[in-house]
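Beneath this line is the structure, given in structure tokens, with notes to follow.
The values are calculated or read from the model by the stated rules, or taken from the named source; none is laboratory data. Predicted model only: the values in this text are computed from it and were never measured. Cβ sites come from the backbone with ideal geometry, for glycine too, and all protein chains shown count toward neighbours.
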Amino acid sequence: MTRIAVLDDYQGVALESADWSAIQARAKVIVFKDHLDNPDALVARLLPFDAVCVMRERTPLTAQIIDRLPNLKFIGSNVPYNASIDLTATKQHGIVVSSTDGRGNGAPELTWALLLAAARQIPAEVGSFRSGGWQVGVGADLEGTTLGVMGLGKIGARVAAIGRAFGMKVIAWSENLTAETAQAAGATLVDKATLLREADWLTLHLVLSERSRGIIGAEELRLMKPTAWLVNTSRGPLVDETALIDALTRRIIAGAALDVYDVEPLPPEHKLRHLDNVVATSHVGFVTKGTYKVFYGETVENLLAWMDGSPIRVMT
């Protein structure tokens, strides 16, 4: 019988998010809620399986790991492109890698959840309320302030639209952004230095690449206002984490609102967990019921097509 592993189902909802009955009638499906970082432990876990379903980029499937999984014939990835899967290695081993669509609302919605939580000091106010206290701070106004958007693609444009609704001035920069594209999104194109100097809220929405890795480092953080906040719901390595921790500790910037990190899950004693000017969540930007229905629903469709030998949406 075909054996299928579903990895990194942190909330235990993979089987609830789609109808797996047609799969379960023909295969043994095992769901793993825990995350394994150790390559040897991961290989030992996956060795018996014919198919592996991964949640985005939570578990990288490198060439070194794929080379050690002789039974693996199918990888179901629930994004259109997954940089953590070595596609060269999968092609060499004849492993089919499928992809799915997603939804575009999760990340911009969480961006604003974090930004608003930081502006209105929601974590401190909730903590005070639950402990029997009352007001503990004075919130910041968004209206009349400047939202800086680094990366004005589909997600960045949605974030910019909400900023305009709040009465914020929206400025934007990325290496290939044009004035016409920025204007169409209701933003003003500026250069990178101006973006850093003028933004009261700087939010990152770039694809991680060698060009964008570390695009916010110590020099960029020093250019920002001491009252500014950095918001990152895109990818952790866009920011030099060591430089960010230093800037937050020394109050070079006011704070950071974060959903993504260099290492995930974030180690329990990581410094970012203990700084009072950090508002943070555990990479939940895409974690919504609607998104999971798309991810797992299309993964089931891909699995059935693969098992039947039918055409499949292959990741390239």
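Some values worked out for this structure:
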{"quantity": "Strands (runs of 3 or more DSSP E) enclosed by region 20-89 - at least 2 residues per element that are surrounded by 20 or more Cβ atoms within 10 Å (Cβ to Cβ), assigned by TED's automatic domain parsing to the domain that holds LEU304 and not aliphatic (A, V, I, L, M)", "calculated": "74-77"}
{"quantity": "Strands (runs of 3 or more DSSP E) contained in region 161-256 and holding at least 2 residues more than 24 Å from VAL284 (Cα to Cα)", "calculated": "169-173"}
{"quantity": "Total residues in region 281-293, condition surrounded by fewer than 20 Cβ atoms within 10 Å (Cβ to Cβ), in contact (Cβ under 8 Å) with a residue 40 or more places away in the chain and out of contact with any Lys or Arg (no Cβ under 6 Å at 6 or more places or on another chain)", "calculated": "6"}
{"quantity": "Filter result for the condition that a residue is surrounded by fewer than 15 Cβ atoms within 10 Å (Cβ to Cβ), among the β-branched types (Val, Ile, Thr) and over 22 Å from the mean Cα position of the chain (by Cα), over THR181, THR227, THR194", "calculated": "THR227"}
{"quantity": "Residue among GLU125, GLU143, GLU109 that alone is assigned to a loop (DSSP other than H, G, I, E, B) and either at negative phi or surrounded by 14 or more Cβ atoms within 10 Å (Cβ to Cβ) (or both)", "calculated": "GLU143"}
{"quantity": "Inter-residue pairs, beta-carbon under 7 Å, first within 14 Å of VAL231 (Cβ to Cβ) and in region 198-218, second of a type in the set (Lys, Arg), 6+ apart", "calculated": "ASP200/LYS225"}
{"quantity": "Where ASP86 falls short, out of the listed (1) farther than 24 Å from SER310 by Cα; (2) charged (D, E, K, R); (3) touching a helix residue (DSSP H, G or I) at 6+ places or on another chain (Cβ under 6 Å)", "calculated": "(1)"}
{"quantity": "Search result, residues across region 1-19 that are exposed (fewer than 14 other Cβ atoms within 10 Å of the Cβ) and of a type in the set (Gly, Ala, Ser)", "calculated": "GLY12"}
{"quantity": "Test for THR100: is it under 17 Å from THR291 (Cα atoms), among the polar types (S, T, N, Q), in contact (Cβ under 8 Å) with a residue 60 or more places away in the chain and not in a loop (DSSP other than H, G, I, E, B)", "calculated": "no"}
